[in-house]
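The values are calculated or read from the model by the stated rules, or taken from the named source; none is laboratory data. What you see is a predicted model; the values in this text were computed from it and never measured. Every residue, glycine among them, receives a Cβ derived from its backbone with ideal geometry; neighbour counts consider all protein chains shown.
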Amino acid sequence: MGTISKNFSYREFEESETAKARGITNVISSFEVRDAVRELTNTVLQPLRDAWGLPLHINSGYRCPKLNAAVGGAATSQHIKGEAADIKAEHPIKLAQLAYDLGLPYDQMIIYPTFVHFSHKLHGEQRRQVLYNKSYKGRRITTKK
Ligand SMILES: [Zn+2]
């Protein structure tokens, strides 16, 4: 595994401080997950990166079930399928607004105080849902009708 797109690699999706600290081997080991990561990157993350114009850091990408449990993720988390990535942001609302304005095919975009969760389903319709984590108290994105 290696490069996915101009600015993203599979390694960035596997990186995890928690995995390292707990001795969990967090590697993408199925074609399904690899395909999901590639689709998320090519349809959402790379176009967002191009428009943003600055590096985007993945806080948490793929999570093997063991890692997902270790970080307290929901059992049905899209991170387990390789369909989600949390992108670090000083001003998450700006990144979220850009993704919305670009009309990117995210399934869910969840705004947290220090990052934005983006998901993209490998199969089926993208819901284009915009959600706010309960710990996020900042302004909301501006939507157009
Ligand atoms: Zn997430």
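Of all residues in the range 34-64, those being touching a Gly at 6+ places or on another chain (Cβ under 9 Å) and either closer than 25 Å to ARG22 by Cβ or within 13 Å of the ligand (Cβ to nearest atom) (or both) number 8. For the range 1-13, a residue qualifies if it is assigned to a loop (DSSP other than H, G, I, E, B), farther than 26 Å from GLY124 by Cβ, more than 16 Å from the chain's Cα centre (by Cα) and not charged (D, E, K, R), and exactly one does: GLY2.
For beta carbons closer than 9 Å, sequence separation of 6+ or different chains, a first residue in the range 18-34 that is of a type in the set (Lys, Arg) and a second that is in a helix (DSSP H, G or I), the qualifying pairs are ARG22/LYS66; ARG22/LEU67; ARG22/ALA70; ARG34/TYR10.
The helices (runs of 4 or more DSSP H) found entirely in the range 14-54 that carry 1 or more residues being among the small types (Gly, Ala, Ser), surrounded by fewer than 18 Cβ atoms within 10 Å (Cβ to Cβ) and modelled with pLDDT of 95 or more are 17-22, 46-52.
Surrounded by 19 or more Cβ atoms within 10 Å (Cβ to Cβ), away from the ligand (no atom under 12 Å from the Cβ), of a type in the set (A, V, I, L, M) and in contact (Cβ under 8 Å) with a residue 12 or more places away in the chain, is that true of LEU104? Yes; evaluated as a whole, the condition is true for this residue.
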